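The block underneath contains the structure these notes are about, expressed in structure tokens.
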Amino acid sequence: MKPLENLKKKKLFLFDIDGTLAVGDTLYEGSAELLAHIEQIGGKTYYITNNSTRSGSDYVKKFRDAFGLETTEDQFITSGYMTIRFLKEHYENQKIFVMGTSSFVKELQKNGLHITEQAENGISCVVVAYDSELNYNKLIEVSRVLLTNDIPFYATNPDLRCPIDFGFIPDCGAICNMITATTDKKPVYLGKPSRTIVDLCLTQSGFSREETLVVGDRLYTDIACGINGEVDTCVVFTGEARPEDMEDTPFPADYAFENIKGLLKHCLPQ
């Protein structure tokens, strides 16, 4: 662990949301106070989430209605947003097979991408996202495309499970594991832990890597993202990770707290 006093020097905070700052529509104790402190010291907050089902505008509304917090769209760097950036750069005028929610498909189409949800000729790549509307026909179609075409397979995020009020539900990584077990094709993930997310936030904010802290509840996505981006990391044990996970992990966090209140305590001036 790094010296706790270093936390007082942090100005750019990259927060995971679910399991870190909140669960569902419930904001964890200390989250609002920490966000207010960051604003007070002239810092900047970004929300880096692997939830691809919500757009930036969706999150602005959720933060206002559920949490009573005012935010702006540019503060939300979602795996959906990162996927759109990647696809527009590499597949803008090509046919893309997508398995995801109808809202995710519409967001891709709104950004000018040529999307299909059926196995057909001319598909250039496959993209899979978290899909709360998943059914067996979708699994058949994605398997058909991957097994009858030699094309790249991408996915929004590797998270195996998503926090919910009663515990967890399967996330994109779990869905992709099922597809991989069927097709022997493994996806390239476009959201966390890609360092591109950290680099984007640094460029937009103007802060240095030394001033930056990634905060999350998952070691293999949140903390790995910070490690890949060469910035300090902090894990909180209100989501997936547990203290015992820190004993043997390829993604050790620089700081660890039981919850956001623990982090807040060491960010505030004495």
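Which one is surrounded by the fewest Cβ atoms within 10 Å (Cβ to Cβ), of the residues in the range 1-52 that are in a helix (DSSP H, G or I) and small (Gly, Ala, Ser)? Ranking the qualifying residues of the range 1-52, first place goes to Ala36. Scanning the range 221-249 for residues that are out of contact with any Gly (no Cβ under 8 Å at 6 or more places or on another chain), assigned to a helix (DSSP H, G or I) and acidic (Asp, Glu) yields Glu244, Asp245, Glu247. Under the condition of being more than 14 Å from the chain's Cα centre (by Cα) and not in a strand (DSSP E or B), the residues counted in the range 53-101 number 29.
Looking only at the range 204-250, residues that are in contact with a strand residue (DSSP E or B) (Cβ under 8 Å, 6 or more places away or on another chain), farther than 20 Å from Ser31 by Cα and among the aromatic types (Phe, Trp, Tyr) come to 1 in all. Among the residues making up the range 234-257, those that are charged (D, E, K, R) and more than 21 Å from the chain's Cα centre (by Cα) are Glu244, Glu247, Asp248. Of the strands (runs of 3 or more DSSP E) entirely within the range 102-220, those holding at least 2 residues that are under 25 Å from Thr233 (Cα atoms) occupy 161-164, 167-170, 212-216. Looking at Phe153, is it modelled with pLDDT under 95 and either surrounded by 15 or more Cβ atoms within 10 Å (Cβ to Cβ) or more than 24 Å from Ile169 (Cβ to Cβ) (or both)? So Phe153 fails the test. The residues on offer are Ile38, Ile77, Ile96, and the sole one that is in contact with a strand residue (DSSP E or B) (Cβ under 6 Å, 6 or more places away or on another chain), outside the structural domain of Asp159 (by TED's automatic domain parsing) and over 18 Å from Thr196 (Cα atoms) is Ile38. Within the set Leu264, Leu219, the sole residue that is within 28 Å of Ala174 (Cα to Cα), at pLDDT 95 or above and of a type in the set (A, V, I, L, M, F, W, C) turns out to be Leu219. Among the residues here, Val214 does not qualify as free of Cβ contacts under 8 Å to residues at least 60 places away in the same chain, of a type in the set (Val, Ile, Thr), in contact with a helix residue (DSSP H, G or I) (Cβ under 8 Å, 6 or more places away or on another chain) and crowded, with 21+ Cβ neighbours inside 10 Å. Only one entry in Glu244, Glu211 is touching a Leu at 6+ places or on another chain (Cβ under 6 Å), of a type in the set (D, E, K, R) and either modelled with pLDDT of 95 or more or assigned by TED's automatic domain parsing to the domain that holds Ser143 (or both), namely Glu211. Mind checking which pairs have a first residue in the range 98-125 that is within 16 Å of Ile84 (Cβ to Cβ) and free of Cβ contacts under 8 Å to residues at least 40 places away in the same chain and a second that is surrounded by fewer than 19 Cβ atoms within 10 Å (Cβ to Cβ) and hydroxyl-bearing (Ser, Thr, Tyr), Cβ under 7 Å, 6 or more apart or different chains? That search, which allows pairs on different chains as well, returns Ser124/Tyr91; Cys125/Tyr91.
The values are calculated or read from the model by the stated rules, or taken from the named source; none is laboratory data. All values reported here derive from a predicted model rather than from experimental measurement. Ideal geometry is used to build each Cβ from the backbone, glycine not excepted, and the neighbour counts take in all protein chains shown.
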